[in-house]
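Student: Before we start, here is the structure in question, set down as structure tokens.
Taken together, the values in this text are just the output of simple stated rules run on the coordinates, not laboratory data. Since this is a predicted model, take the numbers as computed values, not measurements. Note that each Cβ is placed from the backbone with ideal geometry, even for glycine, and that neighbours are counted across all protein chains shown.
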Amino acid sequence: MAKNLIDLGELLERTENDRELMKDLLTIFKEEFPQRHQALREAVQSLNATHVALEAHALKGMLSNLAAPEASASVAEIERLGRNNETSRFLESFSRFEAIAKELSRQVEDCMAEVSG
Amino acid sequence: MRILIADDELMSRRLLEKTMQRAGYDVTAVENGQLAAAELCKPEGPRLALLDWIMPELDGPGVCREVRKRKDHSYVYMILLTSKEKKEDVVAGLESGADDYLTKPFDPEELKARLRTGKRILDLEDRLIEAREEMRFQATHDALTSLWNRGVIMELLGRELTRARRENKCTAILLGDLDHFKNVNDTYGHLAGDEVLKETARRLVSSVRSYDFVGRFGGEEFLVTLNNCDPAFGLARAEKIRKTIAENPVETSAGPVPISISFGLLLSQEWGYMSVVELLHEVDTALYAAKAAGRNCVKVAAPKAQPASPRELAAEPAWRRR
């Protein structure tokens with residue numbers, strides 16, 4: 001069984017137990033995440049360090065707000081690589097993040113069902 | 001209280017917006033730094049702001065710098081929100097003019113507590129401004145009548161005369177003195193005397209235009225300047241003011257007190273270049289003539305063919321003789 005990538009307790013605390021707000025945030029995440037993810041992918045593929053740092057920073061904010069610490073830490077590492085212009089490590093770090101992101105997207109769906117129910 | 005939230009990331013913005021609304025704030029949310037600066041620089045813009053550090057168009061510290069450039073507005077309390085944690089980042093953020101700094105993801109309770117600190121500072125600023133305005137009013141106005149005090153009305157008269165000369169316009173100077181005011185005090189008491197002065201002030205102010213000046217010149221003396229008026233208007237208005245003052249008795253705590261006022265009137269255009277003190281001396285002489293003519297009338301100061309001698313100018317002012 002995959003580990004929980006979303007800390008629901010923390011998310012509830014952050015939204016002050018407002019389930020409607022949680023639902024809103026999950027909906028926004030579902031809509032925004034694929035675009036941001038794709039933008040980061042393109043930046044990584046083009047080895048553009050500035051764009052990588054910027055896109056990774058934006059994703060880090062979203063993931064922090066979702067209380068997804070592992071995904072957030074993974075993308076923070078990509079941001080750090082971008083800032084330090086360590087282009088040779090982009091692909092390796094991004095693949096790790098993609099694996100986490102895939103599982104995270106599945107868990108967001110579960111979370112959404114739970115909150116809506 | 002209004003608060004501005006500036007964050008390009010939709011989830012953050014939504015979370016902040018909801019958290020602030022729940023805490024009772026009236027929220028304006030924008031998605032970039034330019035919009036934030038424009039909103040905060042409006043004269044009645046929000047005075048509390050939560051600004052994301054990294055934003056398109058203009059970043060959070062840039063917004064702080066823009067807002068701090070404006071000196072003529074109320075203070076805006078700004079908190080930067082960021083994931084930057086290095087000491088040099090904190091220093092740079094605060095150096096840009098931010099008041100506080102909060103690391104993302106924020107804790108709702110900590111955020112609200114920090115905003116309460118901001119509110120306390122803004123409340124303190126409001127109280128200081130209120131106290132300053134109160135002191136400014138006291139320093140420039142007569143305590144009993146709330147008219148301009150002697151120093152200020154003379155200064156305003158000086159400025160108005162300078163402007164009138166420059167633009168070749170006329171200023172009418174009216175010096176009024178309540179008739180038999182000593183008798184009012186002796187007959188009805190000083191409290192009623194004060195009420196008469198206050199009501200006279202009210203009638204004077206209501207008889208002039210918004211851009212004319214009315215001041216308390218001395219005990220029962222009032223100085224009125226009718227700015228930018230032609231001589232005929234000055235004469236007619238002086239007579240109208242006199243009638244307004246005398247029209248009805250003043251209702252006081254000691255009963256109705258009939259009053260009247262005598263006026264000296266001077267039309268600046270007829271006098272060429274003379275100082276404020278010299279003109280006041282002339283209008284005071286006209287007032288003295290009004291008193292001598294039986295009171296409750298207006299006498300116009302007429303220029304002499306020859307300039308007044310220094311001896312005459314130095315003579316004891318007529319008001320000391322009344």
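Student: Using 0.36 nm per residue of separation minus the Cα-Cα distance, give me the extension gain between residue B:275 and residue B:73 in nm, one decimal. Before the final figure, lay out each step's value.
Tutor: Values: separation 202, 0.36 × 202 = 72.72 nm, distance 3.80 nm.
Using 0.36 nm per residue and subtracting the Cα-Cα distance, I get 68.9 nm.
Student: Over the range B:2-138, what is the relative contact order in percent, taking alpha-carbon pairs closer than 8 angstrom and at least six residues apart?
Tutor: The normalised contact order for the range B:2-138 reaches 20 percent.
Student: Treating the beta-carbon of each Lys and Arg as +1 and of each Asp and Glu as -1, no other charges, what is the dipole magnitude of the range A:8-116 about its Cα centre, to the nearest 20 debye? Present the calculation step by step, with values, prior to reporting the outcome.
Tutor: Numbers: 13 positive and 20 negative charges, 81 e Å.
Using Cβ point charges on Lys, Arg, Asp and Glu, the range A:8-116 gives about 400 debye.
Student: How far is it, in nm, from the label point at residue A:41 to the one at residue A:113 when both lie 7 Å from their Cα along the line to the Cβ?
Tutor: Spacing of the two 7 Å Cα→Cβ label points: 2.4 nm.
Student: Find the relative contact order for chain B and round it to a whole percent, using C-alpha pairs within less than 8 Å whose residues are 6+ positions apart.
Tutor: This gives 12 percent for chain B.
Student: Here's something else I'd like to know. So how strong a dipole does the range B:1-148 carry about its Cα centre when Lys and Arg Cβ are +1 and Asp and Glu Cβ are -1, to the nearest 20 debye?
Tutor: With Lys and Arg at +1 and Asp and Glu at -1, about 180 debye.
Student: Report the calculated FRET efficiency for residue A:23 and residue B:117 (r = Cβ-Cβ distance, R0 = 25 Å), to the nearest 0.05.
Tutor: Efficiency computed from Cβ-Cβ geometry: 0.20.
Student: Under the 0.36 nm per residue contour assumption, what length would be gained going from the current alpha-carbon distance of residue B:166 and residue B:206 to full extension?
Tutor: Separation in residues times 0.36 nm, less the Cα-Cα distance, equals 11.6 nm.
Student: How much length, in nm to one decimal, is gained on full extension between residue A:31 and residue A:3, taken as 0.36 nm per residue of separation minus their Cα-Cα distance? Intermediate values should be presented prior to the final figure.
Tutor: On the way: separation 28, 0.36 × 28 = 10.08 nm, distance 2.35 nm.
So the chain would gain 7.7 nm between residue A:31 and residue A:3.
Student: Roughly what % antiparallel, to the nearest 5, for the DSSP beta bridges in the range B:150-321?
Tutor: Taking every DSSP beta bridge with both residues in the range B:150-321, the antiparallel ones total about 85 percent.
Student: May I pose another question? Can you compute the FRET efficiency between residue B:131 and residue B:240 using 1/(1 + (r/R0)^6), with r the Cβ-Cβ distance and R0 = 45 Å? Round to the nearest 0.05.
Tutor: Details: r = 39 Å, r/R0 = 0.88.
E(calc), rounded to 0.05, equals 0.70.
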